[in-house]
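Peer 1: After the structure tokens below, expect a handful of questions from me.
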Amino acid sequence: MARILVIDDNADLLQMIRTILESRGKHEVILSAEGQDGLAKAKAAPPDLAIVDVMMPGMTGYEVCRRMRADPATSHVPIIILTARGQEVDRQAALDAGADLYLSKPVTMAELQQHVDDLLARAPRPEAPGGVMALLSLRGGVGVTTLAVNLAATLVRQGEQVCLLDLCPASGNAALQLGLRPDPNWSALALLGTPPGSATIGTYLLNHSSGLRLLAAPFVPIVGDGLPRETVLAAISALQQNFAALVIDLPSALNDVTMAVLDQADIIGLVLTADPPAIQATVGTLQALKPFASKVRIILNQVVPGPSSSAQALQRVLRQPVNGVVPFDPAQAQALARGQPLALFSPTSPLAQAVAGLIPSLRASQGRPAVV
């Protein structure tokens, strides 16, 4: 079963498509009678496929396509343009706007259902819940820990079993943001005679009231690189046996441990702000992470007040899509003082909503089906 968004100002056609796709295809169908509303619904909960009319009041279907393709949350969604305009120039306009398939009316419901099934079968599917998501920046102060904590908290709020691993050897503050005392922490793992297993690792985890578990960094900074590479990899393997999802807050260094974690990660969230030093660090990091390029997702995080930064401008500099933008949220200062992440105590705040919106992009495969 798939979630299908249908945007068309013809109420009778909307109901007919809903009836066919729900009764025969067993899909969940979301209806919208105009483009702006359809876009809002797509962004709030990205569908598995969209069917869009061209001629609608306020916004054409072409513009809906362009905006969906420009938004990281919906850029991967297959789109069918369904319209009464049947000229070749109309077909080309639809494909140029980003549609995967152009169908001219009238079309039988059986034909439409077959095209829907074909596109769904070929579409890149979001990755299954779980896996290892590592967040990184070689430029300090860009909010990596804040995003890691709120990402993990959001996944817990969505019902997943999640562990957050803070690998910062310089007094990481994930525990601080969760209002927890970092005792126990991972420093004791280095004293074990054997690599930690799934049972052993549980004794070193902190319990948050939300259900989130944390393998905390020590309060006193570690002299050197922190845990040995073999111990870190064993800890990750053990945690994967106990949790559906693992979020890792990495230190700002491409050392042996960091590179080993990046190799194990399913997704790498590369975080930056729009200031020149952070952009420069990100350009260099992308070069260093070329072996992991297919796993990298770029997150623009605004940590200071002021005008929103342009993701489009950054994309031109980085030569890679920006997969998510997190706005400045003045409530984050209060969240730090409370020791409660915004994703838990204020899930409607701008930061919390933006982090929730990152999840489809972090789990979606890059690219989309070839144009039909």
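The values are calculated or read from the model by the stated rules, or taken from the named source; none is laboratory data. This one's a predicted model, so the numbers in the text were calculated from it and none came from an experiment. Because the Cβ atoms are built from the backbone with ideal geometry, glycine has one as well, and the counts that use them run over all protein chains shown.
Peer 1: Among the residues of segment 227-240, is any under 20 Å from Cys168 (Cβ atoms) and at pLDDT 95 or above?
Peer 2: no
Peer 1: Residues Thr19, Thr60: which one is under 22 Å from Gln113 (Cβ atoms) and either in contact (Cβ under 8 Å) with a residue 60 or more places away in the chain or of a type in the set (S, T, N, Q) (or both)?
Peer 2: Thr19 is the lone residue from the list that is under 22 Å from Gln113 (Cβ atoms) and either in contact (Cβ under 8 Å) with a residue 60 or more places away in the chain or of a type in the set (S, T, N, Q) (or both).
Peer 1: Out of Asp117, Asp100, Asp90, which single residue is within 23 Å of the chain's Cα centre (by Cα), in contact (Cβ under 8 Å) with a residue 12 or more places away in the chain and not assigned by TED's automatic domain parsing to the domain that holds Ala288?
Peer 2: Asp100
Peer 1: If you scan segment 164-181, which residues turn out to be touching a helix residue (DSSP H, G or I) at 6+ places or on another chain (Cβ under 8 Å), over 16 Å from Gly143 (Cβ atoms) and either surrounded by fewer than 24 Cβ atoms within 10 Å (Cβ to Cβ) or of a type in the set (Val, Ile, Thr) (or both)?
Peer 2: Leu167, Gly179, Arg181
Peer 1: Kindly indicate whether any position in segment 216-223 is at pLDDT below 90 and crowded, with 20+ Cβ neighbours inside 10 Å.
Peer 2: No: segment 216-223 contains no residue that is at pLDDT below 90 and crowded, with 20+ Cβ neighbours inside 10 Å.
Peer 1: Are any residues in segment 302-330 touching a helix residue (DSSP H, G or I) at 6+ places or on another chain (Cβ under 6 Å), closer than 14 Å to Asn150 by Cβ and of a type in the set (A, V, I, L, M, F, W, C), and if so, which ones?
Peer 2: Result: Val326, single match.
Peer 1: Is it the case, given these coordinates, that Arg181 is more than 30 Å from Glu22 (Cα to Cα), touching a Phe, Trp or Tyr at 6+ places or on another chain (Cβ under 9 Å) and of a type in the set (Lys, Arg)?
Peer 2: yes
Peer 1: Any chance segment 182-199 includes a residue that's assigned to a loop (DSSP other than H, G, I, E, B), surrounded by 24 or more Cβ atoms within 10 Å (Cβ to Cβ) and either outside the structural domain of Pro341 (by TED's automatic domain parsing) or of a type in the set (A, V, I, L, M) (or both)?
Peer 2: There is no residue in segment 182-199 that is assigned to a loop (DSSP other than H, G, I, E, B), surrounded by 24 or more Cβ atoms within 10 Å (Cβ to Cβ) and either outside the structural domain of Pro341 (by TED's automatic domain parsing) or of a type in the set (A, V, I, L, M) (or both).
Peer 1: Filter segment 238-251 down to the residues that are buried (at least 17 other Cβ atoms within 10 Å of the Cβ) and outside any strand (DSSP E or B) and list them by number.
Peer 2: Selection gives Ala238, Leu239, Gln240, Phe243, Leu250, Pro251.
Peer 1: Condition test on His76, is it buried (at least 21 other Cβ atoms within 10 Å of the Cβ) and either aromatic (Phe, Trp, Tyr) or touching a Gly at 6+ places or on another chain (Cβ under 8 Å) (or both)?
Peer 2: Yes.
Peer 1: Please enumerate the residues belonging to segment 1-16 that are without any contact (Cβ under 8 Å) to a residue 40 or more places away in the chain, surrounded by 17 or more Cβ atoms within 10 Å (Cβ to Cβ) and either farther than 16 Å from Ile80 by Cα or under 25 Å from the mean Cα position of the chain (by Cα) (or both).
Peer 2: Within segment 1-16, no residue meets the criteria.
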